[in-house]
Ligand code: PHE
């Protein structure tokens, strides 16, 4: 039932709002900003370790298929909702269906939670930039370096606050002069850097104490070859779930960010083409990150080194940089600079989404809104950063792991809320307003929407069911 009567009469032609005063100057600005949000620590740190853990090429294959089906559906929905309503999540969902206003509020809560810890991770990266700038390469390679840093109250809060203020400065400067400008510079630079480091990683060779020589190209084979070892149905489902939750996180969908960015695009932009470009950018960087990290770790530490999991980026990689004769310091600096660019553009998108929702609801101006939020989130970041020292806790999470404050925020926002939100918004789009509501927006101005058949099936049937399973799994109800 396509109930278009939920459209307020004030909407533009056919219920499409006209473009807002502030926004991206054009398609490139939008794609760079959205890719800036999508490409973040998830691509650099989480994707490679999941690939290493989940059977290399097998994970990559599953990930690619899911990106171009699930990822595409969720990204299209968010961006089209944003552009069609011209509003941010809270008001956008209320406009789609007043009864579903709660979904807008729920969606808004995801960036509200993520913002409490994203600057803390950005701060960790910034700390490593300083390490390599000041030539403390060997120091960073020590086992205890990372732990000493995050458990030092003064150090960890200092860097979190620096990163928070950088983010705030960009948001303070607005959509066009802040976000678009910085994404247009940082994203291409980041891409060049990651390609260069990935190529360099493939040229590495190292002979260890036992006399075994390993090369970067062998590492690449380890990364790309599908491993079916010990593959059971249960394990396959686990890999599917890992890939699925990684896609959410990586594409920044179901948290209102892409709704906000979508609300800033002009009506003449080709939404469908932009979405494909964002997907390619995000997936490309994830693949390159694996191509850079897995061979480097393999060359210096062998297959065993890849089991490091989450500590791959902050503990294993510095060791690799320290083992590289001469060049290590520069490669380390390039790597963490690139990571900082990726994290900064993501952090900006989170703060922007919160600020844009607040401005819309409280009718406030950008500058005072940004300043208030900055004060609030500087305090929140300090608390989360202190979660490894003064406020140290050991919290059992439903997935069986023990986490600190940061992990708790991450778990609630990503593992728990995102599948739930995706499920509900797929039901809203598929069954309440109807998929045509989205399709019309993508096709606005006579544009092509080549995969609309796929979109319809995905949003009505596949997404709700799979998200429900994912939600049960992360809530600890279903135990795959
Ligand atoms: N998409 C980002 C990444 O892959 C993560 C992110 C999540 C960014 C939530 C903003 C908000 O790292």
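Read-outs: derived from the displayed coordinates by stated rules, not from any lab. Computed from a prediction, not measured in an experiment: that's the story for all the values here. Using ideal geometry, Cβ is built from the backbone for each residue, glycine included, and neighbour counts are taken over all protein chains shown.
Key figures for this structure:
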| item | result |
| --- | --- |
| Extension gain, residue 224 back to residue 130 (0.36 nm per residue minus Cα-Cα distance, nm) | 30.5 nm |
| Relative frequency of Cα-Cα separations exceeding 33 Å in the chain, percent | 35 |
| The range 150-213: C-alpha gyration tensor shape, a/c 1.5 cut-off, then a/b vs b/c | oblate |
| Percentage relative contact order, the chain, counting C-alpha pairs under 8 Å, at least six apart | 32 |
| Packing-based order for 54-63, 123-132, using average beta carbon neighbours within 10 Å, highest first | 123-132, 54-63 |
| Förster-model FRET efficiency, 30 Å R0, residue 462 and residue 307, C-beta, rounded to 0.05 | 0.35 |
| Residue-span extension gain [residue 138 to residue 232] - 0.36 nm each, minus C-alpha spacing | 29.6 nm |
| Modelled FRET efficiency - R0 30 Å, residue 431 with residue 475, Cβ distances, 0.05 increments | 0.85 |
| Ranked packing of 260-266, 32-38, most packed first, by mean Cβ within 10 Å | 32-38, 260-266 |
| Rg/Rh ratio calculated on Cα atoms of the range 354-480 (Kirkwood radius) | 1.10 |
| Förster radius 41 Å - calculated FRET efficiency between residue 395 and residue 372 (Cβ-Cβ, nearest 0.05) | 0.90 |
| Protection-proxy order for peptides 205-211, 458-464, each taking the mean of Cβ atoms within 10 Å per residue, highest first | 458-464, 205-211 |
| Mean separation of Cα contacts under 8 Å, 6 or more apart, over the residue count of the range 97-170: relative contact order % | 41 |
| Virtual spin-label span in nm between residue 273 and residue 365, 7 Å along Cα→Cβ | 3.8 |
